[in-house]
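Novice: Input: one structure, supplied below.
The values are calculated or read from the model by the stated rules, or taken from the named source; none is laboratory data. The structure presented is a predicted model; accordingly, all values stated were derived computationally and were not measured. Every residue, glycine among them, receives a Cβ derived from its backbone with ideal geometry; neighbour counts consider all protein chains shown.
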Amino acid sequence: MDDTGRMKGRECAEQKDVWILAIESSCDETAAAVVKNGRTVLSNVISSQIDLHTIYGGVVPELASRKHIERINQVIQQALVEAGVGLDQITAIAVTCGPGLVGALLVGVSAAKALAFALKKPLIGVHHIEGHICANYIENKELKPPFICLVVSGGHSHLVNVKDYGEYEILGRTRDDAAGEAFDKVARAIGLGYPGGPKIDRISREGNPEAVHFPRARVGDSELDFSFSGLKSAVLNYLNSCTMQGKTICQADVAASFQKAVVDVLVEHSMHAVRKYGAKSFAIAGGVAANSHLREAMIAACREEKITFCSPSLVYCTDNAAMIGVAGYYEYMKGVRHGYDLNAVPGLKLGEKI
Ligand code: KG4
Ligand code: ZN
């Protein structure tokens, strides 16, 4: 190990099993996990702040940072205990360093740097979206690149060509709101509250998805990009016109119709990418990948295309540290090591050098 904390190549080559202690604190979950050899999750501790932010109708960044500080050590400790692993057994520390809320990210990055320094273990900064994609490796043992992945979370909507471990080509992205952001804003507008995605998912089961026709937004010059702000405005306009006409809205019908409009576009663009790039496997990732209608629609679409469909189970769709441990493992195996100057980068782009 040199004096910036970087491990020399031969030191890691001598290890047999690789045990990654992973930390995630980019938004409102304080999380730590221990992952063995990249695909076996030994522990996955998530301390959610949902109750704290619910009263404000969304995540309050400063409150999130303070809560992370209160909980981080306890969460890390619990992850080690549940995994039955001592700090001395850990091979490397992986941590989300972006994108996300800067104050929230800094808590995880500082904790990881302190541990790496004190233990003289390698430090690996991980891109949060790369983590979401890698969540698919946990339960789909046969999944290997290349494949196409739709990443849909509260902050991102990306269609990604996963060319190799750690090698990504962005095929499409949202031009405005992320899919999860649209779920959260529409949920608030129809009075369901925060967090919007799971609430829309649940209530939609009782609604008619054909009740209101909302637009399927397409971006003129790119068949793989997304746009959700027009759809959000269409829902708001519908709600306003109902109010003006004195009509009561049916929450379940509006939720189901909105959800179908989002899912239709996600499926159509994803399958377009699959055909265009001749993909044999397709995966979904991120918080919105927990949506039951999206999962069912993607399963059916992939069956029709005769390709393999992969998805993480629900706990690995929303933010967690196990996915960071998996991504950290593949970075570690490629020889990636970061110094103690690793910083939180709130606007970090996928594929950008950390
Ligand atoms: O990946 P994630 O936990 O955090 C970010 O990286 O943003 O995603 C959170 C997003 C939120 O917008 C939440 O409403 C959405 O995922 N979400 C869902 C569902 N569960 C979570 N959206 C639709 N249906 C769900 N079941
Ligand atoms: Zn996320």
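Novice: Out of (1) farther than 24 Å from PRO198 by Cα; (2) under 21 Å from the mean Cα position of the chain (by Cα), the odd one out for LEU52 is which?
Specialist: So LEU52 meets the others, but not (1).
Novice: Kindly indicate whether ASP164 is acidic (Asp, Glu), within 16 Å of ligand 2 (Cβ to nearest atom) and either under 23 Å from LEU314 (Cα atoms) or in the same structural domain as THR308 (by TED's automatic domain parsing) (or both).
Specialist: Numbers: acidic (Asp, Glu): yes; within 16 Å of ligand 2 (Cβ to nearest atom): no; either under 23 Å from LEU314 (Cα atoms) or in the same structural domain as THR308 (by TED's automatic domain parsing) (or both): yes.
So ASP164 fails the test.
Novice: Name the residue, out of ILE129, ILE170, ILE190, ILE200, that is in the same structural domain as GLU29 (by TED's automatic domain parsing), of a type in the set (A, V, I, L, M, F, W, C) and either surrounded by 22 or more Cβ atoms within 10 Å (Cβ to Cβ) or under 26 Å from LEU342 (Cβ atoms) (or both). First the steps, then the outcome.
Specialist: Numbers: ILE170 fails: in the same structural domain as GLU29 (by TED's automatic domain parsing); ILE190 fails: in the same structural domain as GLU29 (by TED's automatic domain parsing); ILE200 fails: in the same structural domain as GLU29 (by TED's automatic domain parsing).
It is ILE129.
Novice: Need pairs with beta-carbon distance below 7 Å; first residue among the charged types (D, E, K, R) and within segment 119-130, second crowded, with 24+ Cβ neighbours inside 10 Å; sequence gap 6+ or separate chains.
Specialist: Matching pairs, first to second residue: LYS121/ALA92; LYS121/ILE93; GLU130/ALA327.
Novice: In the list VAL262, VAL254, which residue meets the criterion of being among the aliphatic types (A, V, I, L, M), away from ligand 1 (no atom under 14 Å from the Cβ), within 26 Å of ARG175 (Cβ to Cβ) and in contact with a helix residue (DSSP H, G or I) (Cβ under 8 Å, 6 or more places away or on another chain)?
Specialist: Details: VAL262 fails: away from ligand 1 (no atom under 14 Å from the Cβ).
Of VAL262, VAL254, the one residue that is among the aliphatic types (A, V, I, L, M), away from ligand 1 (no atom under 14 Å from the Cβ), within 26 Å of ARG175 (Cβ to Cβ) and in contact with a helix residue (DSSP H, G or I) (Cβ under 8 Å, 6 or more places away or on another chain) is VAL254.
Novice: Here is a list: LEU143, LEU80, LEU119. Which entry is of a type outside the set (Gly, Ala, Ser), under 19 Å from THR30 (Cα atoms) and surrounded by fewer than 24 Cβ atoms within 10 Å (Cβ to Cβ)? Show your work before the answer.
Specialist: Values: LEU143 fails: under 19 Å from THR30 (Cα atoms); LEU119 fails: under 19 Å from THR30 (Cα atoms).
So the residue among LEU143, LEU80, LEU119 that is of a type outside the set (Gly, Ala, Ser), under 19 Å from THR30 (Cα atoms) and surrounded by fewer than 24 Cβ atoms within 10 Å (Cβ to Cβ) is LEU80.
Novice: Within segment 304-324, how many residues turn out to be assigned to a loop (DSSP other than H, G, I, E, B) and closer than 16 Å to GLY286 by Cβ?
Specialist: Within segment 304-324, the first condition is being assigned to a loop (DSSP other than H, G, I, E, B), and the residues that meet it are 306-307, 311-313, 318-321.
Then drop every residue that is not closer than 16 Å to GLY286 by Cβ, which leaves 311-313, 318-321.
Going through segment 304-324 one residue at a time, the tally reaches 7.
Novice: While we're looking at this one, here's another question. Just to confirm my filter: which strands (runs of 3 or more DSSP E) fall fully inside segment 114-218 and include at least 1 residues that are out of contact with any Cys (no Cβ under 6 Å at 6 or more places or on another chain) and within 12 Å of ligand 1 (Cβ to nearest atom)?
Specialist: The strands (runs of 3 or more DSSP E) meeting that bar are 123-127, 147-152, 157-164.
Novice: A follow-up question, please. Here are some residues: ALA289, ALA327, ALA301. Which one is among the aliphatic types (A, V, I, L, M), more than 16 Å from ligand 1 (Cβ to nearest atom), outside any loop (DSSP other than H, G, I, E, B) and at pLDDT 95 or above? Before the answer, list the steps.
Specialist: Numbers: ALA289 fails: more than 16 Å from ligand 1 (Cβ to nearest atom); ALA327 fails: more than 16 Å from ligand 1 (Cβ to nearest atom).
After applying the criteria, what remains is ALA301.
Novice: Here are some conditions: (1) away from ligand 2 (no atom under 16 Å from the Cβ); (2) over 30 Å from HIS269 (Cβ atoms); (3) under 15 Å from the mean Cα position of the chain (by Cα). VAL95 meets all but one. Which one does it not meet?
Specialist: If we test VAL95 against (1) away from ligand 2 (no atom under 16 Å from the Cβ); (2) over 30 Å from HIS269 (Cβ atoms); (3) under 15 Å from the mean Cα position of the chain (by Cα), just (1) comes out false.
Novice: Count, please, the residues in segment 271-292 that happen to be closer than 24 Å to SER257 by Cβ, more than 17 Å from the chain's Cα centre (by Cα) and buried (at least 18 other Cβ atoms within 10 Å of the Cβ). So that I can check it myself, show each step before the final result.
Specialist: Taking segment 271-292 first, the residues closer than 24 Å to SER257 by Cβ are 271-272, 284, 286-292.
Filter once more, so that each one left must be more than 17 Å from the chain's Cα centre (by Cα): 271-272.
Those still in the list that are buried (at least 18 other Cβ atoms within 10 Å of the Cβ) too: 271.
Counting residues in segment 271-292 that are closer than 24 Å to SER257 by Cβ, more than 17 Å from the chain's Cα centre (by Cα) and buried (at least 18 other Cβ atoms within 10 Å of the Cβ) gives 1.
Novice: Considering only residues of segment 24-41 that are charged (D, E, K, R) and in a loop (DSSP other than H, G, I, E, B), which is farthest from ligand 2 (Cβ to nearest atom)?
Specialist: Going through segment 24-41, the residues charged (D, E, K, R) turn out to be 24, 28-29, 36, 39.
Then drop every residue that is not in a loop (DSSP other than H, G, I, E, B), which leaves 28, 39.
Working: ASP28: 10, ARG39: 20 Å.
Selected residue: ARG39.
Novice: Then there is this: Looking at LEU115, LEU101, LEU52, which is the one that is modelled with pLDDT of 95 or more, closer than 21 Å to GLU181 by Cβ and in the same structural domain as LEU21 (by TED's automatic domain parsing)?
Specialist: Numbers: LEU115 fails: closer than 21 Å to GLU181 by Cβ; LEU52 fails: modelled with pLDDT of 95 or more.
Criteria check complete, one pass: LEU101.
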